[in-house]
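One structure is given here, and the rest of the page talks about it.
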Amino acid sequence: MKTAPFEEGIEPQPATASCQVEDFGIAPQNCLGGEPLSPCIIIIFGASGDLTFRKLIPALFRLHCNMGLPHPIRIVGCARTPMDDGEFRESLKTGVLAGGVHDVSCWDAFAACVRYRPLEYLDPGDYRLLARYLEELDEESGTQGNRIFYLAVPPALYETVSRCLGAAGLAQEGMDGKRWSRIVVEKPFGRDLESAAVLDRVLHENFLEHQVFRIDHYLAKETVQNVLMLRFANSIFEPVWNRQFIEKVKIIAAETLGVGKRAGYYEEAGVLRDMFQNHMMQLLSLTAMEPPSHFETELVRDEKSKVFRALRPFPVEQLYEFLVSGRYEAGIVDGARVPGYLEEPGVSSGSLTPTFASMKVFIDNWRWQGVPFYLTSGKRLAKKLTEIQIHFREVPHSIFRHVIGQRIHKNVLTLGIHPDEKISLVFQTKNPGATLRLRPVTMDFHYSQNYAGPLLDAYEKALIDCMRGDQMLFWRQDAVELTWSFLSPILERCETCTDRSRMIFPYEAGTWGPAEASRLEEG
Ligand code: NDP
């Protein structure tokens with residue numbers, strides 16, 4: 001099997017050096033830490049759907065079990081599907097069990113906080129009834145008028161739901177800051193620059209910016225946040241974190257899953273909208289940003305936006321040299337035969353939607369001038385893997401050249417995001433023994449090593465931050481628009497050029513994507 005283009009340069013490791021985690025007497029905290037959260041009601045629109053079932057409710061349940069939720073809290077599911085509270089709770093329990101939670105001993109206490117309200121998304125009257133219901137719930141349970149409206153509906157409904165919430169008075173906050181109202185919008189934030197701006201305008205008809213939470217759960221992953229800790233809480237990395245020492249950076253987000261039941265959405269989105277506009281750009285900005293003067297929400301978001309502003313406009317007239325797109329064909333994944341993209345239910349036989357892309361981008365500033373960043377993402381690849389690789393330059397002069405005649409491999413620092421949450425550094429040592437030979441070894445730190453407290457999954461962290469009102473790990477609109485400004489010309493070129501079908505290279509499911517992807521690094 002072809003090796004991944006992003007694995008080049010890493011030799012099999014004959015020895016591993018592990019990393020001792022120092023315990024400086026810091027007691028493990030429960031996942032809440034800090035100030036207690038204010039009581040609130042979380043209202044989920046689209047509560048009969050996949051996101052609620054697979055992600056939101058399991059996350060809220062785990063928080064409940066780890067005493068990470070405010071008290072009191074109520075969770076109200078809203079959708080068109082007719083259900084009563086009991087049926088809704090039962091369906092959610094199935095989702096929690098399917099997600100691998102085996103201890104449901106605290107389920108009953110959690111389920112007692114959960115309600116269901118059927119609602120037609122387009123009917124303003126239903127929102128007025130909802131408003132009255134929420135007030136009753138406040139009185140009955142003491143949730144103090146605080147609300148989070150979570151839009152887990154298809155993106156085409158975001159604007160309608162936001163407007164209806166506004167018309168029913170549900171976006172209003174108390175003058176004293178005590179009754180807050182927040183709206184959480186899931187990606188995709190529009191499908192291009194124009195639609196992203198329209199969505200933002202509509203949200204702001206009723207909600208102020210501090211009320212809008214544009215969620216990208218990647219940002220809330222512990223190891224993604226850890227990129228900033230590694231870079232800015234250590235003095236040894238920043239001096240070499242630049243064009244002088246770094247040859248290239250590779251960011252990969254590989255999935256083994258295919259399009260599953262989400263063909264309707266994916267056919268419209270494709271890999272560039274689904275992964276690049278959001279997750280890949282966030283990983284890029286964390287890797288490339290300058291240190292903010294303080295770890296404060298707006299200062300961190302300012303630095304990320306500066307990275308997006310410095311992205312070199314994509315040379316769309318030389319698309320082939322900077323972008324390789326692909327589409328999976330039938331193959332073997334995790335030992336099972338899987339169909340190709342065109343055979344998936346809901347995918348049209350003439351589809352030209354790419355499921356893989358690898359892209360070479362540059363950041364035009366002093367730190368990164370000339371350093372290529374390779375961003376790669378795809379479905380049905382060989383392994384589920386998200387990581388950032390920093391490839392350092394070769395030693396400027398090898399004093400061992402005449403003695404051992406070996407090529408000295410470059411140092412690579414890998415920030416593993418998923419499934420291995422780790423930091424590893426490959427470096428050279430002397431092979432033990434009489435013969436003078438080099439031995440590349442890996443020093444590994446596993447994120448959960450020597451840590452006994454509960455680890456927060458991305459949705460848990462995002463939900464907690466939203467309850468806290470902390471927007472640091474959420475997208476700011478200027479960044480949304482800057483990334484769309486960068487990607488829209490690429491999408492336009494890909495979607496309008498006459499030889500579109502020739503631009504999408506087939507790859508067998510279970511491999512590392514089309515062979516053509518390796519040419520990006522050759523150019
Ligand atoms: P679903 O397709 O499962 O839809 C959620 C609910 O919305 C459905 O249960 C349905 O409820 C209602 N709905 C679906 N289609 C329509 C329609 N055409 N008109 C009106 N209502 C409809 O979506 P997901 O739960 O997968 O995703 C929700 C949002 O989150 C989407 O915007 C998605 O892009 C985003 N997202 C999802 C992720 C995931 O892992 N699922 C990951 C990241 C983002 P009912 O018919 O009962 O009203």
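Coordinate-derived values only; no laboratory data. Here the structure is a predicted model, which means the values were calculated and not measured. All Cβ positions, even for glycine, are placed from backbone atoms using ideal geometry, and neighbour counts span all protein chains on display.
For the range 294-436, rounded, prolate or oblate, judged on the Cα gyration tensor with a ≥ b ≥ c (square roots of eigenvalues), a/c < 1.5 rounded, else prolate if a/b > b/c? Judged from the Cα gyration tensor, the range 294-436 comes out oblate (a/c at least 1.5, b/c at or above a/b).
Simple spin-label estimate for LEU352 and LEU257 gives 2.8 nm between the two label positions (7 Å along the Cα-to-Cβ direction from each Cα).
Using C-alpha pairs under 8 Å with a sequence gap of at least 6, the mean separation divided by the residue count of the chain gives a relative contact order of 20 percent. Oblate is the label for the range 67-150. Its Cα gyration tensor axes, ordered a ≥ b ≥ c, give a/c of at least 1.5 and b/c at or above a/b.
Computed from label points 7 Å out along Cα-Cβ, the spacing between ALA112 and ASP364 is 6.2 nm. Across the range 233-277, the residues whose backbone nitrogen lies under 13 Å from the label position 7 Å along the beta-carbon direction of PHE295 are 233-234. Straight-line reach from LYS178: taking Cα to Cα under 19 Å and skipping same-chain neighbours fewer than 8 places apart, the aspartates and glutamates in range are GLU35, GLU135, GLU136, ASP138, GLU139, GLU140, GLU209, ASP465, ASP470.
Would you please give the FRET efficiency between GLU516 and ARG337, computed as 1/(1 + (r/R0)^6) with r the Cβ-Cβ distance and R0 = 25 Å, to the nearest 0.05? My answer for the efficiency is 0.55. Using C-alpha pairs below 8 Å separated by at least 6 residues, the relative contact order for the range 190-337 is 18 percent. What is the Rg over Rh value, at two decimals, for the range 323-378, using alpha-carbon atoms and the Kirkwood definition of Rh? Radius of gyration relative to Kirkwood radius: 1.20. Under a Cβ-Cβ cut-off of 15 Å, what is the net charge of the residues other than HIS102 that fall near it, where Lys and Arg count +1 and Asp and Glu count -1? Local net charge: +1.
Give the shape of the range 363-415 as rounded, prolate or oblate, defined through the alpha-carbon gyration tensor: a ≥ b ≥ c are the square roots of its eigenvalues, a/c under 1.5 means rounded, and otherwise the shape is prolate if a/b is larger than b/c and oblate if not. Oblate shape, in that a/c is at least 1.5 and b/c is the bigger or equal ratio. Computed as a quarter of the hull surface, the mean projected area of the alpha carbon convex hull for the range 47-89 stands at 3.2 nm². Averaging 1/r over every pair of different alpha carbons in the chain and inverting the result gives a Kirkwood radius of 24.9 Å.
Could you give the length gained by full extension between PHE237 and ALA452, i.e. 0.36 nm per residue of separation minus their alpha carbon distance, to one decimal place? Display every interim value, and only then the final one.
Numbers: separation 215, 0.36 × 215 = 77.40 nm, distance 2.75 nm.
The PHE237-ALA452 span can extend by a further 74.7 nm.
Calculated FRET efficiency, TYR265 to ILE408, Cβ-Cβ distance, R0 = 56 Å: about 0.75 to the nearest 0.05. Out of every Cα-Cα pair that the range 260-334 contains, those further apart than 15 angstrom amount to 71 percent. Counting only Cα atoms, the range 134-286 measures 60, 41, 29 Å along its principal axes, largest extent leading.
Give, as a single signed number, the net charge of other residues whose beta carbon lies under 13 Å from the beta carbon of ILE43, with Lys and Arg counted +1 and Asp and Glu -1.
Numbers: positive: ARG74, ARG115, ARG117, ARG147, ARG182; negative: ASP126, GLU135, ASP138.
Result for the local shell: +2.
In this structure, LEU122 and PHE427 have a Cβ-Cβ separation that, at R0 = 45 Å, corresponds to a calculated FRET efficiency of about 0.15.
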